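Undergrad: Got a structure for you, written out below as structure tokens; questions coming shortly.
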There are 2 protein chains.
Amino acid sequence: MVDIGASWMSDLKHGICPPAFWFNREQCCYPAKQSVFEEGNCSTWKTWPEIFGLSRNGTGPYIISYIWYVLWALLFASLSASLVRMFAPYACGSGIPEIKTILSGFIIRGYLGKWTLLIKSVGLMLSVSAGLTLGKEGPMVHIASCIGNIFSHVFPKYGRNEAKKREILSAAAAAGVSVAFGAPIGGVLFSLEEVSYYFPLKTLWRSFFCALIAAFVLRSLTPFGNEHSVLFFVEYNKPWIFFELIPFVFLGIMGGVIGTFFIKANLWWCRYRKFSKLGQYPVMEVLFVTLVTGIICYPNPFTRMNMNELIFLLVSKCSPGDVTNPLCDYKRMNITMGNSVIEVTEPGPGIYSSIWLLMLTFILKLALTIFTFGMKVPAGLFIPSLLLGAIMGRIVGIGVEQFAYSYPNIWFFTGECADSNLITPGLYAVVGAAAVLGGVTRMTVSLVVIMFELTGGVRYIVPLMAAAMASKWVGDALGRQGIYDAHIALNGYPFLDSKEEFAHTTLAADVMQPKRNETLNVITQDSMTVDDVENLLKETEHNGYPVVVSRENQYLVGFVLRRDLNLAIGNAKRLIEGISSSSIVIFTSTTPTQNLGPQPLKLKKILDMAPITVTDQTPMETVVDMFRKLGLRQTLVTHNGRLLGVITKKDVLRHVKQMDNEDPNTVLFN
Amino acid sequence: MVDIGASWMSDLKHGICPPAFWFNREQCCYPAKQSVFEEGNCSTWKTWPEIFGLSRNGTGPYIISYIWYVLWALLFASLSASLVRMFAPYACGSGIPEIKTILSGFIIRGYLGKWTLLIKSVGLMLSVSAGLTLGKEGPMVHIASCIGNIFSHVFPKYGRNEAKKREILSAAAAAGVSVAFGAPIGGVLFSLEEVSYYFPLKTLWRSFFCALIAAFVLRSLTPFGNEHSVLFFVEYNKPWIFFELIPFVFLGIMGGVIGTFFIKANLWWCRYRKFSKLGQYPVMEVLFVTLVTGIICYPNPFTRMNMNELIFLLVSKCSPGDVTNPLCDYKRMNITMGNSVIEVTEPGPGIYSSIWLLMLTFILKLALTIFTFGMKVPAGLFIPSLLLGAIMGRIVGIGVEQFAYSYPNIWFFTGECADSNLITPGLYAVVGAAAVLGGVTRMTVSLVVIMFELTGGVRYIVPLMAAAMASKWVGDALGRQGIYDAHIALNGYPFLDSKEEFAHTTLAADVMQPKRNETLNVITQDSMTVDDVENLLKETEHNGYPVVVSRENQYLVGFVLRRDLNLAIGNAKRLIEGISSSSIVIFTSTTPTQNLGPQPLKLKKILDMAPITVTDQTPMETVVDMFRKLGLRQTLVTHNGRLLGVITKKDVLRHVKQMDNEDPNTVLFN
């Protein structure tokens, strides 16, 4: 639905289909079998000047088209931003950083609710249609996760158990990518590599099944309109040659550099938005960016068209006599080399002008994406990244092609099968797209799988892998975090990164609360009154309290949650006779013998008798490992059985930040 | 090297290349551009009867070929079995169950050593050449792991740290599959899904890099001899139609049934071998099976050829006028249907005879594989499984094709593009191969990725996924374990399966040692003499001992390993003056004040002050989870800080077996 809606509304900026206004241009022109790329050749489809009785070409109609284009864009963008602002503030952005955080165990209420689902879907259609430099693929993951979350409430086994629900969310994320790109396996791997925190094998094949069904339903509805059910299906009939690995790795390096530059620039702008007055006018910001985008992008045919269409143009190969694609304006001629006649291609004028336009497009799209990602509309990053990479790749590809054309006798060309043009610029576009997406997100395996599911290019695994690796290495060398991790840090979400090793030598004793000279708030198992406990609850704000044998002998008995304590004491006071403020609270199974006061309150039922403990001498490396792998919220620190303190997830996060020389106070919690 | 050697020796059974004896048949015939499949048409290659001056065809030469074939097979098999028996008993089998066990934390000394590497490589070439029903792909994982293990000793950081070494082994397993199938991504996923126990994201992209290099080197040497660097590269130009999902899922179900039948039959035979006299004559067994295989397989052309070649034949599509492939004996004719002329194919006599031969081949290969896998020669299962599935799939495919030919007007055929033959039997062979391999190994995602890396069929993800899921479900319903897990259980390796959830309600107190009425062997921190400790070491066989405050106050101080204790006491007695049998062993930092006896022995340095502990009330579900995720060998059980007992990995494994109503005494340890 999002695909169909966005496609219809995008075309609405240009014109309408009078026989059936609910058709987009492709559907409108389909009966006449006219290509989408041959603008102006479909007579059924009417542009806005034609609707107003003007001709299609000329300066007047051009200006009218221009104005209508910008006005529609502003309408869509304002609708999208207002809907998000009014009904579902969580619907903005791609949602992947937040879903990563949720899957690591943090709960953001309403983030995956039905309002978010509805507004995100509608807002996504609108913001894509507004021609903003954003993709609809990332938010699909959020939409799918919302559906997963809402659906899980149908089955209490999953809806009430946060851990089980997270398994559903992992599978939903896989399904989201599966439908976004028509890439089921890439989706599962994306969920594994990028989104999920803890991904047991059981979840792997459940996600696999979920992605399979998603791909199957997608194929039944075939929104991409071609029988191959791959978004950018291309088929190159030439294998790559060894020499080409050099430009491929170069593309990978450039991808890493561009990705890192993008992350840093985008973060700088988002930080500026966050701490300046700009953050208070999100709708105005969206309108302004839309206006600028519309005005700048309309004149250049490459920036005017949908980003998907442009990517398709960039990755496709040039067949002889191809006239519609400006990137295929070659003069073909046969030359004699040694004793064989080979066909070579000399670039025509269309190529040169296209290259200049592409470079302009690259700069514009890069700048616009930096300002767009992070605005308060639903916005994904995949398609803009792929586009930037495809432009870069195509330009490099044409360069290598012309190099091979100019020097056909160099050994590394002649060594291979020296028939016709051995360089396919479209393949460079695919590799470049993978490189920039890799630089932005730091994916590896999932990236390669998504790319070859997207393009059908299973023969080109090695080039794609080489570019992905180079991109990741260069990116990691220039800046540690991918865009999602950077946004998690920017927003201060309590996310304990499972990719990085904790390599310091601190001990649990250095991190635990309380520090020296402070007292530890504990509850004794059989000597505190209801009043004592209530005072403790009032004076402190901890989520839970350790229960010990006695103040003198602080041997650990168990752990009790603040929520349970509040509830149990409240209920007991109301419902059980004889319970007063001076009743002793008892966590043991036996009542103390010399019980002189009022009836004691037995709370053994709410006591967690199996809290996870570590000793004070445990290296923090082990503690961090336990927090990650066991998904702990806190652990108790003991020495020779005696309770010394508590380490919460917040303490761990602060400590990790501190050790990395970052400000520990940027971590939000609750 | 293994590929080239095996290919040369396999051809040696049939004949030799007189101009260059080190050429295999393909290389020998290559200059004449003669196909490998057209047996008898290459004049450079000489069969054995020709070498002896006889003609190529006729009864006499046939019998001579037959005898030479069997004799060579016996020679290769006896060499392989003897080498394994004499030099490296660990080189037998596929090695994957053992590598899984090693990666779960168990140490098998010498299993990944240089002798195993050498003998496994040579033995693998020999046993493949002997024509036994086994593949060389599984053992490649073992060979790669050996290389990884040997190589890790070059870098002390990896060689001396078992956990780091396991990361290398995970990557090596990925590289093994990557070179075995030319499937780098499939290799990484195989390592993740099937082999590795703990697979952090860091290992993911390191494995990815390793597999990339492996694939790259493989492509440079191109052992498969075709430019696409995929083993069974096929290109079908027809998309699949919806109706076909029914036969695809049927293939999946059959794959699950066949896989489970194979596992059960193979296990039954392996158990028989293990507990009967047969196990004492491994070389004789190999020779007998080779003799039977040779005698049975020679007459049938499908069983005589290499399994790889047969699979290629089964998955390839029939082009018009294809005469060399007996599976393509169709009569082509044009018929008029409605208002369009379509080409249909009627099966010729070659098809019918081929189907009967294929059925025979299926039964023979299934039976032979059951007896072969588990013999004391290097032997893999991938290729035999793929072959069984491809045969099944091709037969079903021809059936569906003929059904479509007989009833071309049924709605589910006419609804789709009704041009020529819409059913591709080769695709059924691919799907069938995936189904049986899935049924045998229970892989899902990695299976689909390997299959489409193998065949280049990226368009057929949904059919492959559907078959893989159906196969896994049916397989899991019929028998819980895949072949590798079944062999782990058969051999009693201490492997704590991370795929299965522990869903019982037992507590740590129920599992810990000692049971009631037994005493716990502990060391006190400052009151036992050297003699006491040495007696304890003599009387008990534990790998380690908890250290407590005192016998009366069993508060846990730490854990000390038997090995460290032995070493420290031995060294102290030899090297430190004043240490005698009556010296007090002290684990605290302060010496007790009233020290009247001889100089105390301070052992605080060898004390692990941070043992992992759980309380006696901890559910075993949590304990099992901690063992899996933290890779524990033991955990200490406390109650209110007091030490109650110990749970070792063996206790956990026994308990899991007991809960699953299996014999807990089948678990081996050490």
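Undergrad: Just one of the numbered conditions (1) at pLDDT 85 or above; (2) under 25 Å from A:C297 (Cβ atoms); (3) within 34 Å of the chain's Cα centre (by Cα) is not true of A:Y62; which one?
TA: Failing condition for A:Y62: (3).
Undergrad: May I pose another question? For B:D476, are the conditions met, namely being among the acidic types (D, E), over 30 Å from A:S220 (Cα atoms) and assigned to a helix (DSSP H, G or I)?
TA: no
Undergrad: Going through B:L74, B:L118 one at a time, which residue ends up being modelled with pLDDT of 90 or more and within 29 Å of B:L267 (Cβ to Cβ)?
TA: B:L74
Undergrad: Would you please list the contacts, defined by Cβ atoms under 8 Å and residues six or more apart or on different chains, that run from a residue in the stretch B:175-204 that is within 8 Å of another protein chain (Cβ to nearest Cβ) and within 21 Å of A:L464 (Cα to Cα) to a residue that is surrounded by fewer than 24 Cβ atoms within 10 Å (Cβ to Cβ) and acidic (D, E)?
TA: Within 8 Å, the pairs are B:L201/A:E193; B:K202/A:E501; B:K202/B:E167; B:L204/A:E193.
Undergrad: Quick check: is even one residue across the stretch B:499-509 surrounded by fewer than 21 Cβ atoms within 10 Å (Cβ to Cβ) and within 21 Å of the chain's Cα centre (by Cα)?
TA: yes
Undergrad: Also, I was wondering about something else. Which of the residues spanning the stretch A:456-487 are modelled with pLDDT of 85 or more and among the charged types (D, E, K, R)?
TA: A:K472, A:D476, A:D485
Undergrad: Which of the residues that make up the stretch B:300-317 are in contact (Cβ under 8 Å) with a residue 60 or more places away in the chain and not in a helix (DSSP H, G or I)?
TA: B:N300, B:N306, B:S316, B:K317
Undergrad: Continuing with the same structure: Inside the stretch B:103-112, can you point out the residues that are within 16 Å of the chain's Cα centre (by Cα) and either crowded, with 24+ Cβ neighbours inside 10 Å or part of a loop (DSSP other than H, G, I, E, B) (or both)?
TA: B:S104, B:Y111, B:L112
Undergrad: Scan the stretch B:561-589 for residues that are among the β-branched types (V, I, T), away from chain A (no Cβ under 14 Å) and under 16 Å from B:T524 (Cβ atoms) and jot them down.
TA: B:I569, B:I584, B:V585, B:I586
Undergrad: List the residue pairs whose Cβ atoms are under 8 Å apart, where the first residue sits in the stretch B:543-558 and is more than 19 Å from A:L556 (Cα to Cα) and more than 9 Å from chain A (Cβ to nearest Cβ), the second is surrounded by fewer than 24 Cβ atoms within 10 Å (Cβ to Cβ) and aromatic (F, W, Y), and the two are 6 or more positions apart or on different chains.
TA: Listed pairs, sorted by first residue: B:G544/B:F559; B:Y545/B:F559.
Undergrad: Here's another thing I want to ask about it. Looking at (1) in contact with a helix residue (DSSP H, G or I) (Cβ under 6 Å, 6 or more places away or on another chain); (2) of a type outside the set (S, T, N, Q); (3) over 18 Å from B:H504 (Cβ atoms); (4) at pLDDT 85 or above, which is the one condition that is false for B:L644?
TA: Of (1) in contact with a helix residue (DSSP H, G or I) (Cβ under 6 Å, 6 or more places away or on another chain); (2) of a type outside the set (S, T, N, Q); (3) over 18 Å from B:H504 (Cβ atoms); (4) at pLDDT 85 or above, only one is false for B:L644: (1).
Undergrad: For residues in the stretch B:647-670 being under 20 Å from B:E98 (Cβ atoms) and among the polar types (S, T, N, Q), which is modelled with the lowest pLDDT?
TA: Filtering first and then ranking leaves B:N670.
Okay, residues lined up against (1) closer than 25 Å to A:F208 by Cβ; (2) in contact with a Ser or Thr (Cβ under 9 Å, 6 or more places away or on another chain):
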residue	(1), (2)
B:A144	no, yes
B:P156	no, no
B:E162	no, no
B:E194	yes, yes
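Undergrad: If you don't mind, there's one more thing I want to ask. Hand me the list of helices (runs of 4 or more DSSP H) wholly inside the stretch A:336-455 holding 1 or more residues that are modelled with pLDDT of 90 or more and surrounded by fewer than 16 Cβ atoms within 10 Å (Cβ to Cβ).
TA: The qualifying helices (runs of 4 or more DSSP H) are A:349-372.
Undergrad: Separate question: Using the structure shown, decide if A:I461 is out of contact with any Leu (no Cβ under 8 Å at 6 or more places or on another chain), more than 10 Å from chain B (Cβ to nearest Cβ) and in a helix (DSSP H, G or I).
TA: Considered against the rule, which asks whether it is out of contact with any Leu (no Cβ under 8 Å at 6 or more places or on another chain), more than 10 Å from chain B (Cβ to nearest Cβ) and in a helix (DSSP H, G or I), A:I461 comes out as no.
Undergrad: So, one more: What are the pairs, 6+ residues apart or on separate chains, where a residue within the stretch A:75-98 that is at negative phi has its Cβ under 9 Å from a residue that is at pLDDT 90 or above and among the acidic types (D, E)?
TA: Sorted first by the residue in the stretch A:75-98, then by its partner, the pairs are A:A81/A:E285; A:Y90/A:E98; A:P97/A:D485.
Undergrad: Sticking with this structure for a sec: On the basis of being over 28 Å from A:P239 (Cβ atoms), modelled with pLDDT of 80 or more and either touching a Cys at 6+ places or on another chain (Cβ under 8 Å) or part of a loop (DSSP other than H, G, I, E, B) (or both), does B:P247 make the cut?
TA: When the stated conditions are applied, B:P247 does not pass them.
Undergrad: Continuing with the same structure: Would you confirm, using the coordinates I've provided, whether A:V656 is buried (at least 20 other Cβ atoms within 10 Å of the Cβ) and within 14 Å of chain B (Cβ to nearest Cβ)?
TA: no
Undergrad: Sticking with this structure for a sec: Would you kindly identify the helices (runs of 4 or more DSSP H) lying entirely within the stretch A:161-242 that contain at least 3 residues that are at pLDDT below 85, aliphatic (A, V, I, L, M) and under 21 Å from A:L630 (Cα atoms)?
TA: none
Undergrad: Right, something else. Give the residues of the stretch A:561-575 that are surrounded by 13 or more Cβ atoms within 10 Å (Cβ to Cβ) and over 14 Å from A:N543 (Cβ atoms), sorted by residue number.
TA: A:A568, A:I569, A:A572, A:K573
Undergrad: Here's a check for you: in the stretch A:613-642, which residue that is outside any helix (DSSP H, G or I) and among the charged types (D, E, K, R) is nearest to the other protein chains (Cβ to nearest Cβ)?
TA: Looking at the filtered set, the residue picked out is A:R642.
Undergrad: Only one of (1) touching a strand residue (DSSP E or B) at 6+ places or on another chain (Cβ under 8 Å); (2) modelled with pLDDT of 90 or more fails for B:M512. Which number is that?
TA: Going through (1) touching a strand residue (DSSP E or B) at 6+ places or on another chain (Cβ under 8 Å); (2) modelled with pLDDT of 90 or more one by one, B:M512 breaks only (2).
Undergrad: Need pairs with beta-carbon distance below 9 Å; first residue on the phi < 0 side of the Ramachandran plot and part of a loop (DSSP other than H, G, I, E, B) and within the stretch B:643-663, second at pLDDT 85 or above and of a type in the set (V, I, T); sequence gap 6+ or separate chains.
TA: Note: pairs meeting the criteria are B:E662/B:V656.
The values are calculated or read from the model by the stated rules, or taken from the named source; none is laboratory data. Bear in mind that the values here come from a model prediction, so they are computed numbers and not experimental data. With ideal geometry, Cβ positions are generated from the backbone for all residues, glycine too; neighbour counts draw on all protein chains shown.
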